[in-house]
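The values are calculated or read from the model by the stated rules, or taken from the named source; none is laboratory data. Just so it is clear, the structure is predicted and the values come from calculations on it, not from any experiment. Cβ placement follows ideal geometry from the backbone for every residue including glycine, while neighbour counts extend to all protein chains displayed. Ligands, DNA and RNA are stripped out before the accessible areas are found, and what is left, the full protein with its side chains, is counted by its heavy atoms. Shrake-Rupley method; radii C 1.70, N 1.55, O 1.52, S 1.80 Å.
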Protein chains: 2
Amino acid sequence: MTDQNGAVSVEQIVEKVWLSIAERRLRPGVQLKEEQMAAIFNVSRARIRQALATLQRDGLVMIIPNRGAFVSKPSVEEARDVFFVRRTVERCVVERLCKGISKADTKRLREHVAKERIANADDITTDIIKLSGGFHLLLAETTGSDFLFATMRDLIARSSLITAVYRNTNRFNCGPDEHAEIVEAIVTNDVDKATRLMAHHLEHVESELDLTEIRDLSHDLRAALA
Amino acid sequence: MTDQNGAVSVEQIVEKVWLSIAERRLRPGVQLKEEQMAAIFNVSRARIRQALATLQRDGLVMIIPNRGAFVSKPSVEEARDVFFVRRTVERCVVERLCKGISKADTKRLREHVAKERIANADDITTDIIKLSGGFHLLLAETTGSDFLFATMRDLIARSSLITAVYRNTNRFNCGPDEHAEIVEAIVTNDVDKATRLMAHHLEHVESELDLTEIRDLSHDLRAALA
DNA sequence: TCATTCCATATTGTTGACAATTCTGCAATC
DNA sequence: GATTGCAGAATTGTCAACAATATGGAATGA
């Protein structure tokens, strides 16, 4: 949590908030007050502001001038959008990877899936959330394309928020088994199978969301009427 | 340039730098010193830092801790990546728009193309650059998808930088004629034609870049050797 | 002559205080 | 009883000074 100097870095603050949102401990609409957060993390407000700006970039919080930062409240349309774009972008990712993947990358992917299995077996929610998003991020990183990676970073962050808001079931079925299948299809350069599995996987994840109604987990009247 | 109080907003600083990069007046590798910029815009360093953070998010500058902010130097691979992703994302955009577009949106698109024609006729470089990127951005905005819009915003910003670095010709052939054709294909709901025209248009833009060699427009020895 | 060390300078990073804005509770008014 | 106006409190926005770090060149020694 702290580095050599006992201070918390911006990245650590961002990750902490990100996880709190993904774990539903921070609900959409809640205001993230700077001074309050500065006290919690024991850093100056400037660093908190920097973290909030990053979280805004990632679409997790919404900053209103002179009002403050609030946990984002994605609409059903936005949720569908994110999955729509994910389908196309992740298809690109898989197609690229099927053109050939190094031994080292294969190893990294398999090891990641192994970690996911362990987290699932031990039922450690924090790890499950981090690793299941991390898998898709790792795929993008493996393509070697900085831009694909950056795009997926955005998509995964927003997906976490959407999952937190609209998830129906309590279990995370974006599980290691489907991930493992995708990896194996990629290492055998089977483009058709890999893209089909990825498409199916994303449909599966989306199907576990209830995207029929607007969920309002907050009690902020102002936001509800805006 | 200035608001009521005579101060320059963060957004204005970002746009100014963005344009300077697109117009090749700020070259890749050049360091953007905070104090220097604060003096130029007559604001405090804090505001400059905020603007630099935004520019980093857009991929236009690279911030190295304890070293400073430098105008990004996209590699040939990164350049190809951006156009690769643009082809898929803009295809999505066009497909969506072909499903139906309102009268008001049609009007906005046609008016935008008209503005582009005027800028081209009058040969106002600043307007040409802003409007030709703005066209693609307007298409994304018209889909109504916040995420598609945000993604295109990123892509256009990076494309501007890439064009500035790797452009061969002096003329901007991302001209209004091809844009006009795309708009007309969209308003007639001709998906095949619209996607074909968009693909061709992007190929055209990319073809005017020289993506065979690493261009180093800067004179910063350290950066050149890094 | 070349490599290395050290110090002065320049630049970024951080902090706490102050200014501007917004929110909240209460009282006065219709 | 509901609404408006106002003052105090809470919160965000801005700034300028200070601390930490990196840079570049001179001095030193092989």
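Using a 10 angstrom cutoff on alpha carbons, build the Gaussian network for chain A and name the most mobile of A:196, A:45, A:67. In this elastic network of chain A, the residue with the biggest mean-square fluctuation among A:196, A:45, A:67 is A:67. Does the protein assembly as shown come out rounded, prolate or oblate, given a ≥ b ≥ c as the square roots of the eigenvalues of its C-alpha gyration tensor, rounded meaning a/c under 1.5 and, failing that, prolate meaning a/b above b/c? Taking the square roots of the gyration eigenvalues as a ≥ b ≥ c, the protein assembly as shown is rounded.
Residue B:203 to residue B:7: FRET efficiency via 1/(1 + (r/R0)^6), r the Cβ-Cβ distance, R0 60 Å, to the nearest 0.05? E between residue B:203 and residue B:7, to the nearest 0.05, is 0.85. Take the Cα of residue B:212, step 7 Å toward its Cβ, do the same at residue A:118, and the gap between the two points is 5.0 nm.
Using the alpha-carbon centroid of each, what span in Å lies between the range A:48-95 and the range B:128-207? If you average the Cα positions of each part, the centres end up 24 Å apart. When a 1.4 Å probe is rolled over the protein heavy atoms, the share of accessible surface on the range A:76-207 that falls to carbon and sulfur comes to 49 percent.
Using a probe of 1.4 Å on the protein chains alone, the accessible area found for residue B:146 is around 90 Å².
For residue B:63, neighbours were defined as the other residues whose beta-carbon sits under 13 Å from its Cβ, and their charges (Lys and Arg +1, Asp and Glu -1) total +2. For the range A:8-48, backbone nitrogen atoms closer than 17 Å to the point 7 Å from residue B:63 Cα along Cα-to-C-beta are found at A:8-15, A:44-48.
Label-point spacing for residue A:46 across the identical copies (point 7 Å from Cα in the Cβ direction), in nm and ascending order: 0.9. Here the Gaussian network model covers chain A, with springs between Cα atoms less than 10 Å apart; of A:66, A:42, A:168, A:66 fluctuates the most. Placing a label point 7 Å from Cα along the Cα-to-Cβ direction at residue A:203 gives distances to the equivalent points in the other copies of 3.1 nm, listed shortest first.
Distance between the 7 Å Cα→Cβ label points at residue A:35 and residue A:107: 5.3 nm.
For a straight C-alpha distance cut-off of 28 angstrom, the lysines reachable from residue B:193 (same-chain residues fewer than eight places away being disregarded) are B:99, B:103, B:107, B:115, B:130.
Annotation for residue B:99 and residue B:191: the two label points, set 7 Å from Cα along the Cα-Cβ direction, are 1.0 nm apart.
Evaluate E = 1/(1 + (r/R0)^6) for residue B:42 and residue B:177, where r is the Cβ-Cβ distance and R0 equals 41 Å; express this FRET efficiency to the nearest 0.05.
Details: r = 42 Å, r/R0 = 1.01.
Efficiency for this residue pair is about 0.50.
Distances between copies at residue B:19, taken between label points 7 Å from Cα along the C-beta direction, are 4.5 nm in increasing order. Pairs of Cα atoms nearer than 8 Å and 6+ residues apart set the relative contact order; for chain A it is 27 percent.
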